[in-house]
Amino acid sequence: MHEWALAEAILASAKQIAAKEQLKEVTEVTIKVGELQQVEPPILRFALSQMKAGVLKDAKFRISKAKSTLKCRVCGTTWQFNPKKMDKTTAEAIHFVPEVAHSYVKCPKCGSPDFEIASGRGVWLADIKGAR
Ligand SMILES: [Zn+2]
């Protein structure tokens, strides 16, 4: 259900950006969803299409998944999170509970499980196109 709350937040910030850029109408909004975020793009797209209004009423929404980058807190190595390298159960556990990643993922260089998610968490607006 949180896709609907998310859609509301996305529309609100898209509207703010449109106002700041003095756009009369927004034609396209590009949204990036972090790989470790529990978001179903088809539900998000549906929510957006149901809730869009005003300057956003004719906007198209492009939703794409962004890769997650992890950074070791011990040696500073960064690496890309790759669920395909894991067995299915582990990958799914991480998908549903991103915090679980800490019990499965280890730094490829020093083996430390102490890392942070450098990118790929959250949902953000990557681009807005429109007409003035
Ligand atoms: Zn390390």
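The values are calculated or read from the model by the stated rules, or taken from the named source; none is laboratory data. All values derive from a computational prediction rather than experimental measurement. Neighbour counts run over all protein chains shown; Cβ positions are idealised from the backbone, glycine included. For accessibility, only protein heavy atoms count, side chains too; no ligands or nucleic acids. Shrake-Rupley method; radii C 1.70, N 1.55, O 1.52, S 1.80 Å.
For the chain, the per residue solvent-accessible surface stands at 60 Å², with DNA, RNA and ligands left out and a 1.4 Å probe. Please give every one of the aspartates and glutamates within straight-line cross-link reach of K67, meaning a C-alpha to C-alpha distance under 13 Å, and leave out same-chain neighbours fewer than 8 residues apart. Reachable aspartates and glutamates: E35. The long axis of helix 41-51 is offset from the longest Cα principal axis of the chain by roughly 20 degrees.
Report the residues of region 5-42 in range of a label on Q50: point 7 Å along Cα→C-beta, backbone N strictly under 16 Å from it. What the label zone holds, given the 16 Å backbone N cut-off, is 5-11, 40-42. With 19 Å as the limit on Cα-Cα distance, the pairs of K20/K65; K32/K88; K65/K106; K71/K109; K88/K109 that go past it are K20/K65; K32/K88; K65/K106; K88/K109. The mean sequence separation of alpha-carbon pairs under 8 Å and at least six residues apart, normalised by the residue count of the chain, gives a relative contact order of 38 percent. For K129, the aspartates and glutamates whose Cα comes closer than 13 Å to its Cα, not counting residues fewer than 8 places off in the same chain, are E21, E25, E28, D58.
Taking the 1.4 Å solvent-accessible surface of the chain as the whole, the part contributed by carbon and sulfur is 53%.
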